[in-house]
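What follows is one structure encoded as structure tokens, with my remarks underneath.
What follows draws every value from the coordinates through simple rules; no lab data is involved. For clarity, every value in this text was computed on a predicted model and none was experimentally measured.
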Amino acid sequence: MPQYIYIIAGFIIIYAVIFILYKNRTRKMQDTFNNLDLLGEARNARTYQLNYLDGAYAFIKDQMKSGPIDAFTVARAPHTAGDEAKDVVKNLLKGAATLGTVRFRTVHTPKYLVLSGDNLHLLDTDKEGAISAHLIFDRQRLLNSSLTEVEKPGAVVRYQKFGRYPLRAYKLSLSTDERPIVLDLYNAFMNVGEQNTATVAYKVQDMVAQFVVGSDFLNKLGDRYPNLKVPTDLPKV
């Protein structure tokens, strides 16, 4: 039998295994979220937040020093298909300038929003993941800001769901002395990667934590600033 037959059969088996694992994960996720004790999970929000702050997101705690961290989430700068096309052209021109010896790729980094008392802290990051800017918006700034629910930007997150609960997208416009700072965020603490796409964690329990932490941030922000209040699926406690 020709060798390529074995290669094709191997690829078929690999794809079949991946498909089965995906279906099992989807079924487990649906079962978990369809039977989720929302009130109980809302009470777990603080525990989930501390787990993040003591783990991969300890840099947020370091940046806030002794300041309280009441809630936090991740955001990103708006990035449309048109913006992506501009990035491609810009990177090609940069590559042409180096006669193709250097490849360029525009990197879009995550921004973190931290609610601390009446203030909202915006932590920007560079391509190495270090904090590159720390802006503070006080009560007056936030009273002049806005938060609205929008259609989910990008096909990557368009059909993402947490069981029966949809992934919701919001546009936050933060007031400054000049132009507002506009950010996209979700009702979940999403992982925002280099290409400015949002993906959920692989493990179902991690997805629960993402959903709770992100929704808890929106609830607490809306409690303090009615002009920034949006509906969420997570009850307030």
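Points to keep in mind about this one:
- Backbone HN-Hα couplings from phi across the range 220-237 [Karplus 6.51/-1.76/1.60, Hz, Gly and Pro as x]: 5, 5, x, 5, 7, 9, x, 6, 10, 7, 9, x, 9, 8, 8, x, 8, 10
- In this structure, the pairs whose alpha-carbon distance is over 19 Å, taken from Lys171/Lys220; Lys171/Lys229; Lys111/Lys171; Lys127/Lys171, are Lys127/Lys171.
- Difference of contour (0.36 nm per residue) and Cα-Cα distance, Ser146 to Ile8: 44.3 nm
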